[in-house]
Amino acid sequence: MIFRKRHPPVGSRPGTLVVPAGAVPPRITVIRYAADTIEDLAPDTGGSLHSLVMPGTVTWIDVQGLGDEAVLRRIGQEFGLHALALEDVVNAPQRPKAEEDAEHLLLVTRKPRFTEDELDIEQVAVVVGDGWLLSFQEQHGDVLDPVRRRLRDGLGPMRRSGADYLAYAIVDTIVDAYYPIVETLSDRIEALEDHLMERPSRRLLEKINAVRTDLVVLRRGIWPQREALGRLLREPGRFMSEGLRPYLRDTFDHCDQLAEVVDSHRDLVNGLTNTYLSLLSNRTNDVMRVLTIMASIFIPLTFLAGIYGMNFEYMPELQTRWAYPVLIGIMVAVALVMLQFFRSRGWLGDGPDDGDDEG
């Protein structure tokens, strides 16, 4: 399925959440850090998450799984999320975007990954507030582990910066995750091109179409993300500090590069499809040419055989001793002359018209 969105029934009130059957229950992890400290907190079941936020620190609350509407609404109420913002978080997939109001900044991104050789796109929503950050992932199995490792290592400016830098780090990690996917598709396209020139087949065409579908899905995630980052650069707002602009510009450049590569790969795949059709057409033409040549050779032979196969009494050649071998010789000569004619015109084998012009 190229696109399927969880949406409420037509006519539902704004802010209606749609939790699909089989969605995994939320699993919540909390990290609170400052320049010199970092601690993993275990939130109490049913307790207040907002009470874990402390002045002078950054609290990262990560929610993996969207299978419990009551928990999600409670989190939204504690942190003052607008009903429409919570709807964007839960009713995935949403178009990647950046939206800011007086209370928080909402960033919606899409994280790609290969599962059993199939491309899967998971939505990751980030909500940035004063001294806190909420991240929502659709599934268990952390796609943000590199960010956690950077926090625990304490290298770079992350621990000394605010929640806005953490949001940037999450978005940058997700954007960088597109690179290995694009490189994998690049290798597949090169392999398909080599196989196509050797032996085109229907199975090969199916693989080309599968790569084209993956590129369409990637493009749907990269281009809107590029637009969202461009909006943050133009309108940083209250929750994105001015010092973050160089980092956002770098991530924007990555999106720009990925978008160009994906578009060029789409052109390559379209070219492979056209090449497949051309090769298939040429092969059909070759088969039809051989069949036509064979039919053309046998037409005069069939004519001669038909003439002398008639049972008329007064056919002078029927009484001639050498009539049969002479007729066979004439038929062989006709076939040889026609073969030589087809060859001289370049319709059979390497005739003069098939060679390169010299001089």
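The values are calculated or read from the model by the stated rules, or taken from the named source; none is laboratory data. None of these values were measured; they are calculated from a predicted model. Here the Cβ positions follow ideal geometry from the backbone for every residue, glycine too, while neighbour counts run over all protein chains shown. For the accessible areas, the whole protein counts, side chains as well, though only heavy atoms, and no ligand, DNA or RNA atoms are used. Shrake-Rupley method; radii C 1.70, N 1.55, O 1.52, S 1.80 Å.
A few remarks follow.
- Only residues that are surrounded by 10 or more Cβ atoms within 10 Å (Cβ to Cβ) and outside any helix (DSSP H, G or I) were counted across region 299-311, and they come to 1.
- Yes/no for PHE239 being among the aromatic types (Phe, Trp, Tyr), surrounded by 12 or more Cβ atoms within 10 Å (Cβ to Cβ), within 30 Å of THR173 (Cβ to Cβ) and in contact with a strand residue (DSSP E or B) (Cβ under 9 Å, 6 or more places away or on another chain): yes
- Meets criteria (of a type outside the set (A, V, I, L, M), in a loop (DSSP other than H, G, I, E, B), on the phi < 0 side of the Ramachandran plot and touching a residue at least 40 places away in the same chain (Cβ under 8 Å)) for ARG73: no
- Qualifying residues in region 253-265 (those that are under 20 Å from LYS97 (Cβ atoms) and open to solvent by 40 Å² or more (accessible area, probe 1.4 Å)) - the one farthest from the chain's Cα centre (by Cα): ASP253
- Residues in region 29-67 that are free of Cβ contacts under 8 Å to residues at least 24 places away in the same chain, part of a loop (DSSP other than H, G, I, E, B) and among the hydroxyl-bearing types (Ser, Thr, Tyr) were compared, and the one that is nearest to SER161 (Cα to Cα) is THR37.
- Residue match in region 66-77 (condition: touching a helix residue (DSSP H, G or I) at 6+ places or on another chain (Cβ under 7 Å), farther than 25 Å from LEU218 by Cα and crowded, with 19+ Cβ neighbours inside 10 Å): yes
- Tabulated pairs, region 312-340, first closer than 20 Å to THR302 by Cβ, second of a type in the set (Gly, Ala, Ser), C-beta under 6 angstrom, 6+ apart or interchain: GLU317/ALA323
- Among residues of region 210-236 being charged (D, E, K, R) and in contact with a strand residue (DSSP E or B) (Cβ under 6 Å, 6 or more places away or on another chain), the one that is surrounded by the most Cβ atoms within 10 Å (Cβ to Cβ) is ASP214.
- Test: residue in region 283-298 that is open to solvent by 40 Å² or more (accessible area, probe 1.4 Å), modelled with pLDDT under 80, within 30 Å of ASP214 (Cα to Cα) and not aromatic (Phe, Trp, Tyr): yes
Matching residues to (1) farther than 24 Å from PHE239 by Cβ; (2) of a type in the set (Phe, Trp, Tyr); (3) in contact with a Gly (Cβ under 8 Å, 6 or more places away or on another chain):
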| site | (1), (2), (3) |
| --- | --- |
| ASN91 | no, no, no |
| HIS104 | no, no, yes |
| THR115 | yes, no, no |
| GLN137 | no, no, yes |
| ASP164 | no, no, no |
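- Filtering region 57-72 to residues that are in contact with an Asp or Glu (Cβ under 8 Å, 6 or more places away or on another chain) and of a type outside the set (A, V, I, L, M) leaves ASP62, GLN64, GLY65.
- Residue check, LEU84 surrounded by 15 or more Cβ atoms within 10 Å (Cβ to Cβ) and either over 27 Å from the mean Cα position of the chain (by Cα) or not in a strand (DSSP E or B) (or both): no
- Unique match (being exposed (fewer than 15 other Cβ atoms within 10 Å of the Cβ) and in a helix (DSSP H, G or I)) among TYR247, TYR314, TYR324: TYR324
- ASP253 vs. criteria part of a helix (DSSP H, G or I), within 30 Å of GLY129 (Cα to Cα) and free of Cβ contacts under 8 Å to residues at least 12 places away in the same chain: yes
- Residues (within 15 Å of LEU133 (Cα to Cα), at pLDDT 90 or above and either aliphatic (A, V, I, L, M) or open to solvent by less than 30 Å² (accessible area, probe 1.4 Å) (or both)) located in region 87-108: ALA98, HIS104, LEU105, LEU106, LEU107, VAL108
This table checks each residue for (1) at pLDDT below 90; (2) over 19 Å from the mean Cα position of the chain (by Cα).
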| site | (1), (2) |
| --- | --- |
| PRO180 | no, no |
| GLU193 | yes, no |
| ARG199 | yes, yes |
| LEU204 | yes, no |
| ASP214 | no, no |
| TRP223 | no, no |
| ARG226 | no, no |
